[in-house]
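Take a look at the structure set out below.
Values quoted throughout were computed directly from the atomic coordinates according to the rules given, and no laboratory measurement underlies them. The model shown is predicted, which means the values in this text are computed figures rather than measured ones. With ideal geometry, Cβ positions are generated from the backbone for all residues, glycine too; neighbour counts draw on all protein chains shown.
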Amino acid sequence: MRAHWFLFSAFVAGIAACPAGATGLDVLAANAAASGAAAWDRPGTFDLDYAYSGQGLTGTVRTRYDLFGKGFVDTYVTGPQAGASGFDGTNAWEKEPSGIASDQKGGDTLPLAFNEAYRDGNLWWRRDRGGASIADKGETTEKDASFDVLTVTPRNGKHFDAWFDAKTHLLARTVEVQGSQTITTFFSGYAPVDGRVIAHKIVIDDGSGVSNRQTETLTLARVLPVEPAASFAQPQTLLHDASLAGNAAETTVPFRLINNHIFADVSVNGGKPLLFIFDTGGHSLLTAETSKELRIAAVGAETMTGGGSGFVQGGITRVASLSVGGATITDQPVTVTDFGSAATEGIDVKGMIGYEFFARFVTRFDYGAHTITFIDKSRFDPKDAGTPVPIVLYNQLPQLAGSYDGIPGLFCIDTGSRMPLLLTGPFVAAHGLRAQASNGVEAMTGWGVGGPSRSFVTHGGELKLGDVTIDHPLTMMSLDTGGSAAAEAFPNNIGGGVLKRFVVTLDYDHYTMYLKPVPPPVADLDTFDRSGIWINSDPQGFKIVEVSRGTPAEAAGLKAGDVIVAVDGKPASAMTLYGLRERLRNQAPGTVVTFSLKGGAKDVSVTLRDLV
């Protein structure tokens, strides 16, 4: 659920209308006058209730904020989920739908909280504009309506555009980048509440289409006395929904490492074991097929983004329990969506285990032993866990400070990523890294919730994660134009290709990750495809999705859309997608691989060579 980025007009007296050739300051003065400026000068707390509808869900939203921008709490109940976010003037926090409240210092969560508090307090009306930078973008016309547009960058925040109706001078919309999405919020139905003129209707467009817009309609407004900062502070997490069988100190289960992804069995509602992917960058998910098989109905269609430039819609439901080995969590909200694993991984994955499960225990991924261990928090002893590395949370994604080739940067820990080190497009551009890479190839390198991802692949520089150094890992410099890897707010990504060097232990309560090297050798380390093709599963074999330029596959005449029905005379039905991918990564340069194509008059031979 997105945080509640409200913007209400108000404060200091000003002129009633913008003169010809008005400046941004004139626009703000006119907005103040139109909004009942004198009433906004009185301190207090707004407590507002809204009826919510959108993306197939209905519910309620409540926002409580200090009228001078000193803090806020936003809560929501939509369908079978509930959550909250807040800001106490210094710290931002979030209570995600499973009930865990956490400090939010990663990504753009804290700057967005400063933005919201700035708008709540209408600090742009102060003489010093609340320390913000304000740029006048002039007047624009849309559908016969005119708007005065300002770009506002609050102190400690990030820039957003504010559109003011040129006739009424009331705020008509804001446009703000939140993570990988551009959120446009429309305000209408203005009416006074205790003299303060506020929007009674708010419509949020997350960029996924008009049909997916969300509407909030004011149902109740209260003006309360000033509340202390502590009333906006992060609540305690008091949950009793996690257990280990037999009151054990820990439980350990085996996992399969395929394409650098972690797969293990999960029981839903006490049923038979189902194969799930385990993703520190994700949440509890069921595929649509799993939901149908288990007769678990979902409601709504919320927008989801991630790797890749697109988005998908996900329904919401609740399950009685999720169990991994002897570890169980109960009464959990779960998203139902398809994230492409069957075609892109060649594995019939039934769902995903993410933050909600990991954060209820101390969770250890042993890439050497191929085991996951869930440890009772009260009985965890870190003395042999390895080197501690501080982490912060970006929503529920673990993020840390590190460096690449001596360049400071932020990095997330993502067991759900097949990639080794992924550098985001903005990070690469900011430091001119693409021009410095002399040897590599542009290729399709992954497939996330938002579809395919492309990168320039090379052997990178030195990677430091806290006090841990990784020498020259395989590095992918993102070429995506949308999704998380193209967003300035998102950190660089540390995936399974780097993490497989370690035993990784996550202690979310203490915001600490431990890294302990696994005994060498590490199989399939820093390898990359030597053919030049990206393949997905197809009912008749393996479909070539992309052929990279200047590669052996292109030289042999392979094309996107070709379907491989046999390899070296062996039917595609007798092999796995991930097995073929591994062969194309690890067979020696000079190896000739012969592909038989659907409808092809003759076989195609590809001579493997190093591309990076």
Magnitude of the charge dipole, the chain, Cβ model with Lys/Arg +1 and Asp/Glu -1, debye to 20: 480
Long-range amide H partners of I258 with built H, under 5 Å: F263
Local net charge near V223, Cβ-Cβ under 9 Å (Lys/Arg +1, Asp/Glu -1): +1
Structure-derived Cα extents along the principal axes in Å - corresponding label in (1) 101, 57, 50; (2) 81, 60, 48; (3) 112, 54, 48: (2)
Helical segments meeting 20 Å axial Cα length and Kyte-Doolittle -1.0 threshold in the chain (DSSP H): none
Alpha-carbon centroid distance for the pair segment 199-268 / segment 323-362, whole angstrom: 15
Protection-proxy order for peptides 343-356, 494-507, 572-585, each taking the mean of Cβ atoms within 10 Å per residue, highest first: 494-507, 343-356, 572-585
The chain, relative contact order in percent, only Cα pairs under 8 angstrom and at least six apart counted: 11
D405-T140 FRET efficiency (beta carbon distance; Förster radius 45 Å; 0.05 resolution): 0.60
Whether segment 140-248 is rounded, prolate or oblate, judged on the alpha carbon gyration tensor where a/c under 1.5 counts as rounded: prolate
Amide hydrogen neighbours beyond the local backbone of N395, cut-off 5 Å, H modeled: G106
Cα gyration tensor shape of segment 209-332, rounded if a/c is under 1.5, else prolate or oblate by comparing a/b with b/c: oblate
Cross-link pairs beyond the 23 Å C-alpha cut-off, checked among K167/K201; K70/K95; K143/K167; K158/K201; K350/K559; K105/K383: K158/K201; K350/K559; K105/K383
Among beta bridges that DSSP assigns inside segment 397-497, antiparallel share in %, nearest 5: 80
The chain, helix-only ellipticity at 222 nm - DSSP H runs n ≥ 4, -39,500 (n - 2.57), divided by all residues, nearest 500: -3000 deg cm²/dmol
